[in-house]
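Below is one structure; the comments refer to it alone.
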Amino acid sequence: MASASNGWRRPAISTSVDTSSVEETHELGRRLGSALKAGDVVGLEGDLGTGKTELVRGIAEALEVTGSVHSPTFVLHHRYQGRLPIEHFDLYRLEGMAWVDTGLDEPAPDAVTLIEWPERAGVLNAWATTLIRLTSRSANQRRLTLVRGPDRVREVFEHAPRD
Ligand SMILES: Nc1ncnc2c1ncn2[C@@H]1O[C@H](COP(=O)(O)OP(=O)(O)O)[C@@H](O)[C@H]1O
Ligand SMILES: [Mg+2]
């Protein structure tokens, strides 16, 4: 149902894309990366191995990041330089720690912020204006569901190639 308060036209409808290979997940990431803007905060929810970091790799390609992308599981955070900088968080190890205790600032307005395990920091999850949920369907199949996001991100999901 349309909600007047948040500006999203169809917030109740989620949109899913199924990928059958890492390369297809990268391709969705590249399309997402082209749609993202400075100040965007994207939460990536899903169990280990569902492809969150692979999606970040595709986004990083579109943003012309030259260095390699690794899940920052042990340091919580990496910053990559690109056409737009990327702030890449992985909060897997954050459990039991308050966000404020990490000493990290709030998401940068000049960068695209990508957060794996956003649900582990309530405040950061609330900042995520785009939320994508990833699930494994078989060894090489992943389902990526847009839970919320602006129209330009929704369009990427709606226009993604489908079998
Ligand atoms: N369709 C797919 N999309 C993404 N990753 C896939 C896919 N099929 C298999 N994989 C594998 O799943 C793993 C995903 O790893 P990763 O992106 O690090 O997960 P996460 O960051 O969610 O823990 C990789 O080993 C990758 O090769
Ligand atoms: Mg990861």
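The values are calculated or read from the model by the stated rules, or taken from the named source; none is laboratory data. Remember, it's a predicted structure, so these values are computed and weren't measured experimentally. Methodologically, a virtual Cβ is constructed for each residue, glycine included, from the backbone with ideal geometry; neighbour enumeration extends over all protein chains shown.
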Quiz item: What number of residues within the range 27-51 satisfy the criterion of being surrounded by 19 or more Cβ atoms within 10 Å (Cβ to Cβ) and closer than 17 Å to Ala139 by Cβ?
Solution: 3
Self-check item: Candidates Ala126, Ala121 - the one that is surrounded by fewer than 21 Cβ atoms within 10 Å (Cβ to Cβ), of a type in the set (A, V, I, L, M, F, W, C) and more than 18 Å from Val22 (Cβ to Cβ)
Solution: Ala126
Quiz item: In the range 117-132, what residues are in a strand (DSSP E or B) and within 14 Å of ligand 2 (Cβ to nearest atom)?
Solution: Ile132
Quiz item: Name the pairs: first residue in the range 75-90 and assigned to a loop (DSSP other than H, G, I, E, B), second residue of a type in the set (Phe, Trp, Tyr) and buried (at least 17 other Cβ atoms within 10 Å of the Cβ), Cβ to Cβ under 9 Å, at least 6 apart or on different chains?
Solution: Leu76/Phe89
Quiz item: Pairs, please: C-beta under 6 Å, at least 6 apart or cross-chain, first residue modelled with pLDDT of 95 or more and in the range 41-62, second of a type in the set (Gly, Ala, Ser) and surrounded by fewer than 20 Cβ atoms within 10 Å (Cβ to Cβ)?
Solution: Thr50/Ser136; Thr53/Ser71; Ala62/Ser34
Practice problem: Go through the residues of the range 11-30 one by one and say whether even a single one is hydrophobic (A, V, I, L, M, F, W, C), away from ligand 1 (no atom under 15 Å from the Cβ) and at pLDDT 75 or above. | Solution: no
